[in-house]
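Heads up: the structure comes next, in structure tokens.
Taken together, the values in this text are just the output of simple stated rules run on the coordinates, not laboratory data. None of the values given here were measured: they were computed from a predicted structure. Note: ideal-geometry Cβ built from the backbone for every residue, glycine included; neighbour counts use all protein chains shown.
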Amino acid sequence: MGRQRLGILGGTFDPIHNGHLMIARAMLDKLGLDRILFIPDYIPPHKRGWHCSPSADRLAMTILAAAEDPRYTVSPMELDRGGVSYTCDTLRQLYRKWHRFYDLYFIIGADSAEQLPTWHHIREAMTYATFAAAARPGFAPHKEKVSEELARQGLRNLVWVETPELDISSTAIRERIRKGEPVDTMIPKAVAEYIEQRDLYRQ
Ligand code: ATP
């Protein structure tokens, strides 16, 4: 077996939604990935101070959603590591373990791509994985400016991938559930059932 391509999709997944799953599928096709590892974060660096749902719930929902494709795996590595979940630490760990077999691709949305220059040790992170940015509604106009800024800072290991745009965010889903509005077109059925059973996001 030759080298394979491993996609990595990190997020808070509070909850995981069809936008995440859509970019995962699009990246599988467009980048010719063999597998995707979903990694829920413990304390997201850019959302410190915000209280997300318990890790166990976010992990459970991610596992339920990932069941749709045998090429998907969920890793609790950031939850096990604890502390602030820096992508660089995660990629370093994955690189050490897998680089003899896999090329690594770190999947992000266009909104995250804009923030990359502020990421902790981003330069080192980009030595472990190619960053692959998916389209996200509202962010296309910034693409060139962002690329130029990243290049100016020597951050060149980023590819923009043409993906469908889905206007879905975890924030909007939590908001809708709190207001009692339906979310069944935005998340997988198993995730919706889990949210209902655990009574998440009602207040
Ligand atoms: P929140 O609304 O709570 O900030 P989110 O919907 O952005 O959450 P995260 O779990 O923070 O979800 O996202 C993980 C990754 O998935 C990020 O890189 C983000 O840019 C990307 N992403 C999330 N939703 C979409 C979407 N609809 N289209 C493209 N990328 C997305």
Calculate the spin-label point distance for Val159 paired with Lys30, positioning each point 7 Å from the Cα along the beta-carbon direction, and give it in nanometres. 1.0 nm
Quick calc, Gln4 & Ala151: beta-carbon distance into FRET formula, R0 22 Å, rounding 0.05, result 0.15
Taking the Cα-to-Cβ direction at Asp69 and at Arg176 and moving 7 Å from each Cα, how far apart do the two end points lie in nm? 2.1 nm
How do the peptides 170-182, 18-30, 119-131, 94-106 rank, highest first, by the average count of neighbouring beta carbon atoms within 10 Å per residue? 18-30, 119-131, 94-106, 170-182
Would you mind pulling out the separation of the Cα centroids of the stretch 118-164 and the stretch 32-63, in Å? 21 Å
Estimated D of the chain in µm² per second, where Rh is the Kirkwood radius over Cα pairs and Stokes-Einstein applies at 37 °C, 0.692 mPa s: 189 µm²/s
How far apart, in nm, are two points set 7 Å out from the Cα along the Cα-to-Cβ line at Ala140 and at His46? 2.1 nm
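Only sites in a loop by DSSP and with at most 15 other Cβ atoms within 10 Å count here; which chymotrypsin sites (Phe, Trp or Tyr not before Pro) in the stretch 13-84 make the cut?
Numbers: sites: Phe13, Phe38, Tyr42, Trp50, Tyr72; in loops: Phe13, Tyr42, Trp50.
Answer in residue order: Trp50.
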Helix-only mean residue ellipticity at 222 nm for the chain, each DSSP H run of n ≥ 4 adding -39500 (n - 2.57), per residue, nearest 500: -12000 deg cm²/dmol
